[in-house]
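Here the structure comes first, spelled out in structure tokens, and everything after it is commentary.
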Amino acid sequence: MKILIEITEAVRSNRGWGRYAGELVEALVKLDRENQYTFFYHSVESLTSSEREWRDRLSAPNVTFFPIEICRERYDALEEDRRASFLDDQFPDADLYHAVTEFPFHVTRIPKITTIHEISPLLFHDHFSDRWLSYFLRYIREALATSAKVITVSENTRNELIEWVGASPDLMKPISNGVSELFFSKPVPVAKQGSALDLLYVGPVSDPLKNFEVLWKAFCSSPSGTTLHVIASDTNYDRFIKERQVSIDRAKSLRISSHVTDEQLLDFYRQASVLVFPALHEGFGLPVLEAMAVGLPVVCNGQSGLREVADGVNFPFGSNSPEQLWQAVCSAADAPLSQREWGRKKASGRTWERAAEQYLEVYEHVVR
């Protein structure tokens, strides 16, 4: 079986789709030495360090890399073209195309499975333009109409597709995301009670559904000594300080990082007191699972896909209440070791190897 998978988001080091795509294909390559994989991606004229890293990580006898060396605008145009099929033309002998995001290339001949991560824009439409909503819905409907199978990253996303888009239950299969073994290697040391709190946030600050503003308000009114570390690719320290006119005292307690390695991310989890993940809605919530694996207490709302990931180990709060969020943070920081270990145990049941096994079952079912 010859399988096509795009790894552009992984090469670009995007945390959401990129982390999912990279972790999944790495697990597939480790598990499967029989099927043939072609990993295609947008490339620049000279190899980037990220591109080299992924080619090294995924190198195997049954793996072929196909860099598409054109400018970003032309690549995006190829991806969005619904009148012609670039993949059909380039890979006439492919048996399967796994579209790892809701916005795949168009195919007419190659059987396709599509991963749908979430449908948040349809549920919170007041946060998005009519044009974007129309665009998003068109791709969701196309995925449901043209995919041999649709994978959802949670039962919650599957149920939402049934309820909100009228998707056929038989078309969809939920396969949970996993967590890298790296995050089980060094548990978080439990801080002494009364210590100043170090808050960690992982995600964009400009996406309204990530609900970063409620965390920011809570931090701005928190006791002196509280620190906040933001890991986001859509801002930097100087820009953040300038745009928000952050006071000198708060600026000293703020840190912003972007495009971090897995090893750096592990260290950031271990240095934190609490992961605060205030998103209004998530298809899954991978940072929450990573924090659980490390034994870091989590504050999140416990709704949508987060319920499946963190139920029983997170500290919920009212989505629009900085005061409730801060109370949840204080409770989480004092979480007993037994609750942290329970979180690690729950996370251990979700591995990328297990996810890859389930994806392979779907691949074989579709192709045979």
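Observations, loosely collected:
- Top-ranked residue of region 286-304 - restricted to ones that are under 16 Å from ASN156 (Cβ atoms) and out of contact with any strand residue (DSSP E or B) (no Cβ under 9 Å at 6 or more places or on another chain), ranked as modelled with the highest pLDDT: SER304
- Within region 163-181, restricting attention to residues that are loosely packed, with under 15 Cβ neighbours inside 10 Å and not small (Gly, Ala, Ser), the residue that is modelled with the lowest pLDDT is GLU181.
- Within region 240-264, being in a helix (DSSP H, G or I) and under 17 Å from LYS210 (Cβ atoms) holds for PHE240, GLU243, ARG244.
- Taking region 133-186 as the range and being in a loop (DSSP other than H, G, I, E, B) and not aliphatic (A, V, I, L, M) as the test, the residues that pass are SER147, SER154, GLY166, SER168, SER176, ASN177, GLY178, SER180, SER185, LYS186.
- Just one residue in the set PRO104, PRO111 is touching a residue at least 40 places away in the same chain (Cβ under 8 Å), within 28 Å of LYS210 (Cα to Cα) and not aromatic (Phe, Trp, Tyr); that residue is PRO104.
- Checking each residue in region 281-336 for being touching a Lys or Arg at 6+ places or on another chain (Cβ under 7 Å) and under 27 Å from HIS127 (Cβ atoms) picks out LEU286, LEU289, PRO322.
- Every condition in (1) over 27 Å from the mean Cα position of the chain (by Cα); (2) closer than 19 Å to LEU275 by Cβ; (3) buried (at least 16 other Cβ atoms within 10 Å of the Cβ) holds for PHE184 except the one numbered (1).
- Residues satisfying the stated conditions in region 316-346, i.e. within 18 Å of LEU200 (Cα to Cα), at pLDDT below 95 and aromatic (Phe, Trp, Tyr): PHE317
The values are calculated or read from the model by the stated rules, or taken from the named source; none is laboratory data. As the structure is a prediction and not an experimental result, all values here were calculated from the model. Every residue, glycine as well, gets a Cβ built from its backbone with ideal geometry; the counts of neighbours run over all protein chains shown.
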